[in-house]
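Let me begin by presenting the structure, written as structure tokens, before commenting on it.
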Amino acid sequence: MGTAGTGAPGPAAAHAHPAAGSAWLPAAPCSPAACLEPPGATATAVPRAVLRLAAVALLVLAGAALVPLGRHLPAGPVARWCRWIVRAAGVRVRVTGAAAPAGGLLLVAHHVSWLDVPLLAAVRPARMLAKAEVRRWPVAGPLAARGGTLFIDRDRLRALPETVARLAGALRAGRAVAVFPEGSTWCGRAQGPFRPAVFQAALDAGAPVQPVRIRYLGADGTARTAPAFVGEDTLLASLWRVASARGLVAEVEVRAPIPAGRHPDRRALARAAEHAALPWPHQPRVPAPHGRDRPLPSAAGHRLRPGEEPAPPGRVPGRLPAGRPRQAARVPVRRRTPGGLPA
């Protein structure tokens, strides 16, 4: 916002750790080199990719011209425009389920790609929560600001209560708000925990939470990581990778809403929403920091034991070969992607 998988998720990444310089800033260990599928037989001709990117640019520019009228436009045309952007990039969209068309609603999903943003808006147009750096992005920054995006300064922990209060105010006003509570992008074959802070806004406003499950698949139904936007990946490189891929499908499943009041606190609400939005349900879990369990994808439902490491796609994880040194843990990097909330 990373190699083609089998029907189930491939290798898992380690649990996210705070980035350097901050005790709470979310980060994920996914990187382009380790997670993203290489170009090759799946790449389309260059002219087709160029045409796709040109179509995306035209749609974005058309939307920018209509942003001042955005709050007065019906939700239907806005949702269709968001689908057209994804489709113009060469990604087919399959949506099952529907969100409530009116009333305060917190939309949440695991975060993989910049495509997640228009896909959530296709479920129901909503105010997005984005990190403050997005405001400075060329074209996208001013467009997001004029579209009513709520920004959070993730380097200022003291700003968090004010952000939560703004989210609650939007929900009380009957608006939908879309958030990626992981606060970081993952490659899609592994996921991070939902940070609970944003769910306090839903509790304060008495608004339901709508989990959305987003998966990126190939034409044969296998998991694909080409759309992932992770690590030191650039937006231009990610755009080109998506536009040049063949047969990508975005599968969007709107899960049952979690009514207001069903869970007593934000942590319980976050855990329930995280489980409902998991791209690959029934994943094995391993102990995570702070004594909580987090999902760990596996090619064959295999639970890792001490001394084991995740295997590449299509292979069952196993113990390290004799004499093979343990690899040092990767240093997590900050995501270059919208969204993000601390605990």
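Among the residues of the range 219-237 satisfying the criterion of being closer than 22 Å to ALA27 by Cβ and of a type in the set (Ser, Thr, Tyr), which is modelled with the highest pLDDT? Applying the filter and picking the extreme gives THR225. Among the residues making up the range 169-204, a single one is open to solvent by 20 Å² or more (accessible area, probe 1.4 Å), within 19 Å of ALA256 (Cα to Cα) and assigned to a helix (DSSP H, G or I): LEU203. On inspection, LEU69 qualifies as over 23 Å from ALA245 (Cα atoms), assigned to a helix (DSSP H, G or I) and either at pLDDT 85 or above or more than 24 Å from the chain's Cα centre (by Cα) (or both). Please verify whether ALA144 is among the small types (Gly, Ala, Ser), modelled with pLDDT under 90 and buried (at least 23 other Cβ atoms within 10 Å of the Cβ), treating the condition exactly as stated. The answer is no for ALA144.
Against the definition (modelled with pLDDT of 75 or more, farther than 28 Å from THR225 by Cα and not in a loop (DSSP other than H, G, I, E, B)), how does ALA33 come out, yes or no?
So ALA33 fails the test.
Here ARG262, ARG213 are screened, and the one residue that is surrounded by fewer than 21 Cβ atoms within 10 Å (Cβ to Cβ) and assigned to a strand (DSSP E or B) is ARG213.
If we scan the range 204-211, do we find a residue that is acidic (Asp, Glu) and over 30 Å from GLY169 (Cα atoms)? No; the residues of the range 204-211 include none that is acidic (Asp, Glu) and over 30 Å from GLY169 (Cα atoms).
The values are calculated or read from the model by the stated rules, or taken from the named source; none is laboratory data. All of these numbers come straight from a predicted model, not from anything done at the bench. Cβ coordinates were reconstructed from backbone atoms using ideal geometry, including for glycine residues, and neighbour counts include every protein chain displayed. In case anyone asks, the SASA skips ligands and DNA or RNA and just uses the protein heavy atoms, side chains included. Shrake-Rupley method; radii C 1.70, N 1.55, O 1.52, S 1.80 Å.
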